[in-house]
Amino acid sequence: MTLPRSKIVDPNVTRWYHCITRCVRQASLLAEDQKAFDRKNWIESRLHELDSIFAVSVAGFSILDNHLHLLLRIEPEIANAWTPMEVARRWLTLYPPRVNRKKVAATKSDIERLAADTNWVDDKRKRLATLGWFMKCLKEPLARLANRDENRRGTFFEGRFKSIAILDEESILTVAAYIDLNPLAAGLSPLPESSPHTSIHDRIEHVVASGRLSDIQEIRNGSVAAQKVSDGIEDDQWLIPIEDRRAQGSKREGIKPGFTLGQYLLLVDDMSRYVREGKAHLAREVASIMDRLEMDAQRMADRVQRMLSSGRFYGSFLSATQEGLRRAATRLGVCRLVSTA
């Protein structure tokens, strides 16, 4: 059964979504060549900017030549806590005022004037927590810049973006690994960590720049040691942290409590060998980590491999279990849902 996006994107069902958007005719319009600006770097920078403006957070991304994947979390409770002044400031950062058709910095009086309009504030608050507006503000400026770059008109991206609701933690990590392994599966990179324009590359670069690479390698000494040395390693990373350390005093919500960045890198590295070399099983070390977290590592790897080999997603929900799909169907008032993988 085909559902409208208003039912697929429902924070009462899940806050997590896998979004895919493709270039028109699947042409390689994002490829790095002699264009006036590097489109992949532009997308990375724009994602960072939008993450700081919207109540939509980025957990993963992979930018290929003709399409891109995003792992996003909507945060309506954060948007609801903003003051009218904050809503106006954020919106004017997205759409600054113009003088003689040129953008100018918003003044305090601009912000105060808009913040005084209750209906305007309510409308913009909703937009700033909406997946569709996040994607619009990512895609539309790039399309305009690209058309100007090539002196063309017309569509840059095909149709609307695909959004898949992710219903449980195991599926969130499965999609995160799938996104980070996309360039490797496409033959664009030999290793996940050397894949440019991916979240895993961004995470590793951040760790290296922080001088903490030896800390995440401590994972091989056991989970207790990993927990100890992972303190603060993701606090100033703009992406959603892999590990949720709120129980240890962190203010940032991560993906999974007790699952460190080092463990995630180990998982993706072993999955890359599984995909690349056709291994029958994941390493015992990885399997034991996921068993401790009550997740099925082999099921995750098998699903990643199927997703990478199919190239197309049918359905709009992803769950590790049929029970998760049944619960979501009940909340949405439909008979049944089919998992995309």
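The values are calculated or read from the model by the stated rules, or taken from the named source; none is laboratory data. On a predicted model such as this, the values are computed, not experimentally measured, just so you know. Virtual Cβ from ideal backbone geometry, glycine too; neighbours counted across all protein chains shown.
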**Report entry** Given (1) closer than 24 Å to Ala27 by Cα; (2) in contact (Cβ under 8 Å) with a residue 24 or more places away in the chain; (3) touching a Leu at 6+ places or on another chain (Cβ under 9 Å), index of the condition Pro190 fails
**Finding:** (2)
Report task. Return the only residue of Arg148, Arg152 being part of a helix (DSSP H, G or I) and without any contact (Cβ under 8 Å) to a residue 12 or more places away in the chain. Result -> Arg148
Query raised in the report: Checking Met85 against (1) out of contact with any Leu (no Cβ under 8 Å at 6 or more places or on another chain); (2) closer than 25 Å to Ile240 by Cα; (3) assigned to a helix (DSSP H, G or I), which test does it fail?
Result: (2)
Report task. Scan the range 137-152 and give yes if some residue there is polar (S, T, N, Q), crowded, with 20+ Cβ neighbours inside 10 Å and either touching a Leu at 6+ places or on another chain (Cβ under 6 Å) or not assigned by TED's automatic domain parsing to the domain that holds His201 (or both), otherwise no. Result -> no
Requested in this report: Being touching a Phe, Trp or Tyr at 6+ places or on another chain (Cβ under 9 Å) and hydrophobic (A, V, I, L, M, F, W, C) is the filter here, so list the residues in the range 235-253 that pass it.
Outcome: Leu239, Ile242
Query raised in the report: Any idea how many residues of the range 316-335 are surrounded by 15 or more Cβ atoms within 10 Å (Cβ to Cβ) and part of a helix (DSSP H, G or I)?
Result: 6
Query raised in the report: Is at least one residue of the range 282-292 free of Cβ contacts under 8 Å to residues at least 60 places away in the same chain, part of a loop (DSSP other than H, G, I, E, B) and among the hydrophobic types (A, V, I, L, M, F, W, C)?
Result: yes
Query raised in the report: Is there a residue being touching a Gly at 6+ places or on another chain (Cβ under 8 Å), among the polar types (S, T, N, Q) and assigned to a helix (DSSP H, G or I) anywhere in the range 205-223?
Result: yes
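Residues checked against (1) buried (at least 19 other Cβ atoms within 10 Å of the Cβ); (2) among the charged types (D, E, K, R):
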position: Met85; (1), (2): no, no
position: Asn100; (1), (2): no, no
position: Arg125; (1), (2): yes, yes
position: Leu128; (1), (2): yes, no
position: Arg160; (1), (2): no, yes
